[in-house]
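> One structure is given below, represented as structure tokens, and several questions about it will come after.
The values are calculated or read from the model by the stated rules, or taken from the named source; none is laboratory data. Worth saying up front: this structure is predicted, and the values here are computed from it rather than measured. Reconstructed Cβ throughout: ideal geometry from the backbone, glycine too, with neighbour counts over all protein chains shown.
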Amino acid sequence: MLIHVISKGENLWLLSNMYGVTVQQIAAANALPDPSKVTIGQALVIPAPPRYTVRPGDTLWQIAQRFGTTVQALIQANPGVNPNQLYPGLVLNLPQKPKPLIEVNAFTTEFNPAGAAEVRDIGGHLTYLAPFGYKIKADGSLEPPNDVPLIQAAQSTRTVPMMAVTNFTATEPGSNSAHIILSSPEISNKALDNIVETMKSKGYRGLNVDFENILPADRELYSDFIRKTAARMHAENFFASSSLAPKTSATQTGVLYEAHDYPVHGALLDFVVLMTYEWGYRFGPPQAISPINEIKAVLDYAVTDIPRNKIMMGFELYARDWVLPHVKGQEAETFSPQAAVLRAVQYGAEIHYDPKAQSPYYRYTDAHGRLHEVWFEDARSAQAKFDLAKQYNLRGISYWVLGYPFPQNWLLLADNFRVKKLM
């Protein structure tokens with residue numbers, strides 16, 4: 001896959017001629033409902049053909065630049081071709097990039113037929129699927145979601161179902177319930193008994209613990225619970241993981257961070273998910289949701305306390321639209337990256353790209369005269385995150401959350417990596 005950013009005056013017909021692929025192929029790769037409608041700054045993935053037919057005026061350097069490779073790689077892929085004697089009609093092999101093997105997880109909250117259909121559709125790109133989630137109540141019992149269709153969909157694509165348990169809900173931060181569970185051996189043991197029973201009856205192969213908003217005073221209690229959970233899971237031949245707040249130091253303060261002890265989780269668990277998203281919070285001011293500079297700061301600290309082969313980097317699959325001027329506490333609209341692009345096209349908004357955050361954004365004025373600012377993910381920002389996972393030699397990537405279409409992501413994921421399957 002190649003990435004092309006639309007400039008003024010460009011259209012899919014011009015790109016078709018430039019890259020030697022059809023308009024229909026470009027439209028399909030980017031799920032464009034109307035191939036005639038694009039906007040300046042829009043990033044498109046181009047399904048590069050494995051071969052290229054030389055055109056009048058082409059040089060090997062120009063071809064290498066066009067397809068994101070080098071002259072030397074082109075020469076190696078085409079033995080017997082004189083690089084100084086190109087002629088129109090000559091067919092060149094395009095070099096293939098080596099792909100590292102990684103693990104990929106995706107959380108989903110879509111407990112409906114559409115959610116199961118999406119898992120069947122993209123499950124080939126996943127190692128794990130984590131339906132989110134089971135709420136552990138203060139007495140150690142579980143509030144189960146209707147996860148059977150999702151588990152069946154995962155298994156049909158050789159994707160490992162991973163049970164996710166948590167202490168919070170959309171309306172309850174969970175600090176008090178976490179304290180009750182963590183401070184009582186009887187309740188925490190009961191919770192683990194219920195978890196194991198559920199995993200065995202439903203076909204889960206492993207566990208993800210996502211306890212958030214834990215009181216700082218309960219830090220050691222949470223670490224003890226992780227120790228007990230890891231030991232229990234391994235004794236039952238299950239794997240164990242956790243989701244961790246995106247810390248940049250061991251001494252970072254705040255209720256989201258203090259109880260998450262990176263060294264403990266890294267030593268005891270099979271892997272961890274770093275929740276490297278939500279800087280662009282839905283109730284906060286407009287900004288990139290997953291800025292690459294902030295993710296790098298988290299990774300720089302994480303790799304000092306957690307083995308790289310145990311780290312799954314978080315990747316958000318959604319966009320946000322804020323009304324300007326932002327009023328504190330006013331909620332932004334959360335929707336899909338695909339819908340964000342279509343909205344930019346609808347309003348004729350030029351898409352910009354923040355080089356520091358490596359995230360796209362744009363502004364538009366709605367029918368009521370209100371100014372909006374939208375931050376989202378596109379092919380460029382996705383590629384930047386994939387490059388980061390390679391740079392840090394991580395175990396893999398964990399998506400939050402399915403239910404928001406982003407077709408470019410899955411094409412680029414497959415173009416960058418081989419996804420490990422454990423079933």
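> Kindly check whether there is at least one residue in the stretch 178-195 that is closer than 16 Å to residue 225 by Cα, in the same structural domain as residue 138 (by TED's automatic domain parsing) and in contact with a Lys or Arg (Cβ under 6 Å, 6 or more places away or on another chain).
Yes: one or more hits.
> Follow-up. It is to be established whether one or more residues within the stretch 176-195 are in a loop (DSSP other than H, G, I, E, B), touching a strand residue (DSSP E or B) at 6+ places or on another chain (Cβ under 8 Å) and on the phi < 0 side of the Ramachandran plot.
no
> Still on this structure, please answer the following. Only one residue in 253, 229 is assigned to a loop (DSSP other than H, G, I, E, B), modelled with pLDDT of 95 or more, of a type in the set (Val, Ile, Thr) and out of contact with any Asp or Glu (no Cβ under 9 Å at 6 or more places or on another chain), so which one is that?
253
> Quick one: is residue 351 under 20 Å from residue 104 (Cα atoms) and not charged (D, E, K, R)?
no
> With the structure loaded, tell me whether residue 315 is crowded, with 24+ Cβ neighbours inside 10 Å and not small (Gly, Ala, Ser) or whether it fails that test.
The answer is yes for residue 315.
> Let me ask you something else. I'd like the full set of residues that are in contact with a strand residue (DSSP E or B) (Cβ under 7 Å, 6 or more places away or on another chain) and either of a type in the set (Gly, Ala, Ser) or crowded, with 17+ Cβ neighbours inside 10 Å (or both), limited to the stretch 326-338.
Scanning the stretch 326-338 gives 332, 335, 336, 337.
> OK, next. Quick check on residue 341: is it hydrophobic (A, V, I, L, M, F, W, C), assigned to a helix (DSSP H, G or I) and in contact with an Asp or Glu (Cβ under 9 Å, 6 or more places away or on another chain)?
yes
> Does the stretch 245-259 include one or more residues that are more than 28 Å from residue 376 (Cβ to Cβ), in contact with a helix residue (DSSP H, G or I) (Cβ under 6 Å, 6 or more places away or on another chain) and crowded, with 22+ Cβ neighbours inside 10 Å?
Scanning the stretch 245-259, I find at least one residue that is more than 28 Å from residue 376 (Cβ to Cβ), in contact with a helix residue (DSSP H, G or I) (Cβ under 6 Å, 6 or more places away or on another chain) and crowded, with 22+ Cβ neighbours inside 10 Å, so the answer is yes.
> List pairs: first residue in the stretch 307-333 and assigned by TED's automatic domain parsing to the domain that holds residue 375, second residue among the hydroxyl-bearing types (Ser, Thr, Tyr) and part of a strand (DSSP E or B) anywhere in the structure, Cβ distance under 6 angstrom, at least six positions apart or on different chains.
312/398; 314/398; 315/399; 317/399; 318/334; 320/334
> How do the pairs read when you match residues in the stretch 136-152 that are assigned by TED's automatic domain parsing to the domain that holds residue 183 and more than 26 Å from residue 117 (Cα to Cα) with residues anywhere that are assigned to a loop (DSSP other than H, G, I, E, B) and small (Gly, Ala, Ser), using Cβ under 6 Å and keeping only pairs 6 or more apart or on different chains?
No pair meets every condition.
> For residue 212, state whether it is under 18 Å from residue 132 (Cα atoms), assigned to a helix (DSSP H, G or I) and charged (D, E, K, R).
no
> Does at least one position in the stretch 185-208 carry a residue that is within 23 Å of the chain's Cα centre (by Cα), of a type outside the set (A, V, I, L, M) and within 17 Å of residue 260 (Cα to Cα)?
yes
> Would you check which residues across the stretch 82-121 are among the β-branched types (Val, Ile, Thr), over 10 Å from residue 153 (Cβ atoms) and surrounded by 13 or more Cβ atoms within 10 Å (Cβ to Cβ) and list them?
102, 104, 109
> So, in the stretch 222-250, exactly how many residues are among the basic types (Lys, Arg) and farther than 21 Å from residue 163 by Cβ?
1
> Output the residues belonging to the stretch 22-39 that are free of Cβ contacts under 8 Å to residues at least 24 places away in the same chain and among the hydroxyl-bearing types (Ser, Thr, Tyr).
Selection gives 22 alone.
> Looking only at the stretch 258-285, which residues are in a loop (DSSP other than H, G, I, E, B) and within 27 Å of residue 361 (Cβ to Cβ)?
If the condition is that a residue be in a loop (DSSP other than H, G, I, E, B) and within 27 Å of residue 361 (Cβ to Cβ), then 275, 276, 277, 278, 279, 280, 281, 282, 283, 284, 285 are the ones that fit.
One line per residue, one yes/no per condition, for (1) in a helix (DSSP H, G or I); (2) surrounded by fewer than 21 Cβ atoms within 10 Å (Cβ to Cβ):
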{"position": "361", "(1), (2)": "no, no"}
{"position": "364", "(1), (2)": "no, yes"}
{"position": "368", "(1), (2)": "no, yes"}
{"position": "390", "(1), (2)": "yes, yes"}
{"position": "398", "(1), (2)": "no, no"}
{"position": "404", "(1), (2)": "no, no"}
{"position": "410", "(1), (2)": "yes, yes"}
{"position": "423", "(1), (2)": "no, yes"}
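> Ok, one more. For the stretch 1-61, give me every one of the strands (runs of 3 or more DSSP E) that falls completely inside it and has 1 or more residues that are within 18 Å of residue 415 (Cα to Cα) and more than 29 Å from the chain's Cα centre (by Cα).
Ranges flagged: 51-53.
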